Amino acid sequence: MMCAMAQSVKRAFKYRFYPTPEQAEQLARTFGCARLVYNKALEERSRAYTREGRRVSYEESSAALTAWKRTEELGFLGEVSSVPLQQVLRHLQAAFTNFFAKRAKYPAFKSRKKSRASAEYTRSAFTWRDGRLSLAKLGGPLDIVWSRPLPEGVEPSTVTVSKDAAGRWFVSILCADTIRPLDPADGVVGIDAGISSLLTLSRPIAGVTDAAGKVANPCHERADRRRLARAQRALARKEKGSGNRVKARVRVARVHARIADRRRDHLHKVTTSIVRENQVVVIEDLTVRNLVRNHRLARAISDASWREVRIMLEYKAAWYGRELVVVDRWFPSSKLCSACGALQPSLPLDVREWVCACGAAHDRDVNAARNILAAGLAER
Ligand SMILES: [Zn+2]
């Protein structure tokens, strides 16, 4: 049994905020400067690497930044907080370290249109006092919508400001937080990334699944999808290069962002309940499954959402003293009877329910979730 010790973890808390016009302008400038510094430093590193076979250090990039600020051409870099500019050099350094260690591809340039607009402020570049957050060179405190309170007594260490494609501003506050593991739970559960529902569990959890064990999509999703289709049709009708097309594109981005936000909230609630009520959680590694999967049917859970679920389960299991088992060998989880172990010769994808020769009646996905659980417990 794991010892129930409190652990200190870094946790990010993300909120929307509404900048004043002056703050919005200064932040947009900061984003632009940060992108420029990143691209310029990347260019210099690439030149040193390809022409001279030399690796540039962070200190060298940092010295170059100081020199750029002294030139007439790039003097404007001195008008924004220097910390976000230093931070992009640190990120670039990390990207090259990963590249040289063969963990990542060669770093790419940041584009104004495609890259996320953001700026990162470390401790020296913001003040946090009486629940108000102010950033360097940005005038008064940010007007933040505290959709949930920051936990009592936490100390922010890094603040990241960003703007998404829908034009919404966010501030992400990284804090050291103390997590206490939960008391051990009795339950064990297997999860199938099903076709007919978002997720299917080997046993139902009240308030999260229906009586069979299925987790449905968030209830607003259907209406949001209709709204998205309408916005996309409207965008397709707008003339290229017109102002109305830009507006229509922002509208599409806004609906997309809303769907993603709601889905993430939903997945947070679901994964927290799963981890809370079960000591062992078994999932299937989808890359293995996808090798043999039929792609004709639309999946209820996209691969991106499934990755998110897996990440949430991984860190929540670590936080709360639970065990996550990932079954990474493919096995016929749908075609195997979870009651007697007999293998069905074939089970077309449109067959949602079936009865085994042993008499057991199965829902396809629940049966698969039970088999995943059994495989995980056996593998453990
Ligand atoms: Zn059977």
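Where a number appears in this text, it was derived from the coordinates with a stated rule and is not lab data. Quick caveat: nothing in here was measured; it's all calculated off a predicted structure. Reconstructed Cβ throughout: ideal geometry from the backbone, glycine too, with neighbour counts over all protein chains shown.
Sorting the segments 113-124, 61-72 by their residues' average number of neighbouring beta-carbon atoms within 10 angstrom, most packed first, yields 113-124, 61-72. Would you please give the residues with an amide H less than 5 Å from that of THR158, counting only those at least 5 places away or on a separate chain, with H modeled from the backbone geometry? Here LEU174 satisfy the definition. State the Cα centre-to-centre distance between the stretch 31-79 and the stretch 156-180 in whole Å. Their Cα centres are 26 Å away from one another. Cα gyration tensor of the stretch 144-273, axes a ≥ b ≥ c as square roots of the eigenvalues: rounded (a/c below 1.5), prolate (a/b > b/c) or oblate? It is oblate, given that a/c is not under 1.5 and a/b is not larger than b/c.
Per-residue Karplus couplings for the stretch 233-244, computed as 6.51 cos²θ - 1.76 cosθ + 1.60 with θ equal to phi - 60°, are listed in order as 5, 4, 4, 5, 7, 6, 6, 4, x, 8, x, 5 Hz, Gly and Pro entered as x. In sequence order, the stretch 218-231 has phi-based couplings of x, 5, 7, 4, 4, 5, 5, 5, 4, 4, 5, 4, 5, 5 Hz under the Karplus curve 6.51 cos²θ - 1.76 cosθ + 1.60, θ = phi - 60°, and Gly or Pro positions carry x. The distance from the alpha carbon centre of the stretch 208-272 to that of the stretch 96-148 is 26 Å, rounded to a whole number.
Need one number for the chain: average projected area of the convex hull over its C-alpha atoms, nm².
Working: hull surface 98.3 nm².
Seen from a random direction, the Cα hull of the chain projects 24.6 nm² on average.
Here the contact order of the chain, divided by its residue count and restricted to Cα pairs under 8 Å and six or more residues apart, works out to 18 percent. Listed by chain and number, the lysines whose C-alpha is less than 25 Å from the C-alpha of LYS335, apart from same-chain residues fewer than 8 away, are LYS214.
For LYS69, the lysines whose Cα falls under 27 Å of its own Cα, not counting residues fewer than eight places away in the same chain, are LYS40, LYS110, LYS113, LYS114, LYS137, LYS163. Hydrodynamic estimate: the Kirkwood radius of the stretch 222-262 over Cα pairs, inserted into Stokes-Einstein at 10 °C and 1.306 mPa s, corresponds to D of 155 µm²/s.
A simple rule links phi to the HN-Hα coupling: the Karplus curve 6.51 cos²θ - 1.76 cosθ + 1.60 with θ = phi - 60°, which for the stretch 53-70 gives x, 10, 9, 8, 8, 4, 4, 5, 4, 5, 5, 5, 4, 4, 5, 4, 4, 7 Hz, with x for Gly and Pro.
Amide H contacts under 5 Å for VAL325: VAL281, VAL282, ILE283, restricted to partners 5 or more places along the chain or on a different chain, H placed in the peptide plane at 1.01 Å from N. Here's the list of lysines a cross-link from LYS10 could span, going by alpha-carbon distance under 16 Å and ignoring same-chain residues fewer than 8 apart: LYS316.
Between the Cα long axis of helix 303-320 and the first principal axis of the chain there is an angle of about 90°, rounded to the nearest 10.
The stretch 7-179: Rg/Rh from Cα coordinates, Kirkwood Rh?
Numbers: Rg = 17.3 Å, Rh = 17.4 Å.
Rg/Rh: 0.99.
Each 5 Å bin from zero up to the one holding the largest Cα-Cα distance in the stretch 1-85 carries the following percent of pairs: 3, 12, 16, 16, 13, 11, 10, 7, 6, 5, 2, 1, 0.
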